[in-house]
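Notes to accompany the following structure.
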Amino acid sequence: MTNEERDFLFDQALALSSILGNVCVELLGMMEKIEDRVAISRAISKLESEGDDVFHAANDRLQKMDLNTEDRFKIFTMLRHVEDIIDMVDELSKTIVRYNTRTVTNGFKASVNSINGAVQKLVVLINAMREYTPEMKEHFTKTVNTFDAFKVDYEKMYDVLIYELFSTPHDIVDIIRCKAIYDAIRDIFTAFEVSADDAYKYIVSKG
């Protein structure tokens with residue numbers, strides 16, 4: 001892989017992360033104006049489509065690079081993870097609309113804020129990969145661990161939210177609605193964790 005090709009791939013990864021960041025900004029806006037959920041969900045879907053275009057352009061270029069099959073697949077997978085997370089946040093916004101969510105709980109808002117924080121750390125992780133040298137292994141490991149901490153924190157929050165949902169009186173529709181949303185958010189954090197693990201394995205395999 002040439003330096004130009006390497007820079008292109010990192011630029012595309014950052015472009016996908018930027019789109020993901022914009023998606024999260026829209027989702028945060030939905031938390032403030034839930035009555036505009038339909039319009040905001042459409043805006044998120046438009047950004048998701050832009051992410052598809054970036055991912056496909058990156059993959060087209062990747063397939064033409066002089067790489068062994070294993071490296072090509074690993075890079076494809078890492079790019080795909082970011083695109084998948086964009087898809088998942090888009091689906092979360094559609095779930096909010098689909099379940100006709102009209103109120104935003106503190107737990108819901110905190111969860112979305114945590115997604116936004118994870119996106120910011122994703123950018124840090126990508127830049128750490130770009131700048132990586134073997135001497136930076138300890139620093140890179142700490143970066144990955146910081147990123148993984150969002151999944152751990154949300155698992156704790158999830159347990160509290162689900163316990164509260166099923167241990168206090170709620171309308172059955174609210175229970176179904178809230179659990180669907182909390183589960184969708186949990187899936188997003190699982191995807192973040194997988195993304196970080198794959199990035200770590202790829203970098204460490206390079207020495």
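The values are calculated or read from the model by the stated rules, or taken from the named source; none is laboratory data. Treat the numbers as computed from the prediction; the structure is a model and nothing was measured. When we count neighbours, we look across all protein chains shown, and the Cβ atoms used for this are built from the backbone with ideal geometry, even at glycine.
Numerical summary
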{"quantity": "Residues being crowded, with 17+ Cβ neighbours inside 10 Å and modelled with pLDDT of 90 or more - total across segment 130-162", "calculated": "5"}
{"quantity": "Candidates 161, 125 - the one that is among the aliphatic types (A, V, I, L, M) and in contact with a Gly (Cβ under 7 Å, 6 or more places away or on another chain)", "calculated": "161"}
{"quantity": "Index of the failed condition, residue 69 passing every other in (1) in contact with a helix residue (DSSP H, G or I) (Cβ under 6 Å, 6 or more places away or on another chain); (2) farther than 23 Å from residue 171 by Cα; (3) among the polar types (S, T, N, Q)", "calculated": "(1)"}
{"quantity": "Any hit, segment 6-23, residues being aromatic (Phe, Trp, Tyr), surrounded by fewer than 20 Cβ atoms within 10 Å (Cβ to Cβ) and over 17 Å from residue 126 (Cα atoms)", "calculated": "no"}
{"quantity": "Residues of segment 176-185 satisfying the condition of being under 14 Å from the mean Cα position of the chain (by Cα) and either outside any helix (DSSP H, G or I) or surrounded by fewer than 19 Cβ atoms within 10 Å (Cβ to Cβ) (or both)", "calculated": "184"}
{"quantity": "Qualifying residue in segment 90-104 (condition: of a type in the set (Asp, Glu) and either buried (at least 19 other Cβ atoms within 10 Å of the Cβ) or modelled with pLDDT under 90 (or both))", "calculated": "yes"}
{"quantity": "Residue 50 touching a helix residue (DSSP H, G or I) at 6+ places or on another chain (Cβ under 8 Å), acidic (Asp, Glu) and either farther than 21 Å from residue 20 by Cβ or in a helix (DSSP H, G or I) (or both)", "calculated": "yes"}
{"quantity": "Residues satisfying the stated conditions in segment 34-63, i.e. of a type outside the set (A, V, I, L, M), without any contact (Cβ under 8 Å) to a residue 40 or more places away in the chain and surrounded by fewer than 21 Cβ atoms within 10 Å (Cβ to Cβ)", "calculated": "36, 42, 46, 49, 50, 52, 53, 56, 59, 60, 63"}
{"quantity": "Criterion (more than 17 Å from residue 101 (Cβ to Cβ), in contact with an Asp or Glu (Cβ under 6 Å, 6 or more places away or on another chain) and of a type in the set (Lys, Arg)) met by exactly one of 137, 201, 151", "calculated": "151"}
{"quantity": "Cβ pairs under 8 Å, 6+ apart, first in segment 195-206 and touching a residue at least 24 places away in the same chain (Cβ under 8 Å), second in a helix (DSSP H, G or I) and of a type in the set (Ser, Thr, Tyr)", "calculated": "198/77; 200/141"}
{"quantity": "Residue match in segment 1-24 (condition: farther than 23 Å from residue 128 by Cβ and part of a helix (DSSP H, G or I))", "calculated": "no"}
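So that you can scan it fast, the table gives a plain yes or no per residue for (1) touching a Leu at 6+ places or on another chain (Cβ under 6 Å); (2) more than 22 Å from residue 100 (Cβ to Cβ):
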| residue | (1), (2) |
| --- | --- |
| 6 | no, yes |
| 19 | yes, yes |
| 29 | no, no |
| 34 | no, no |
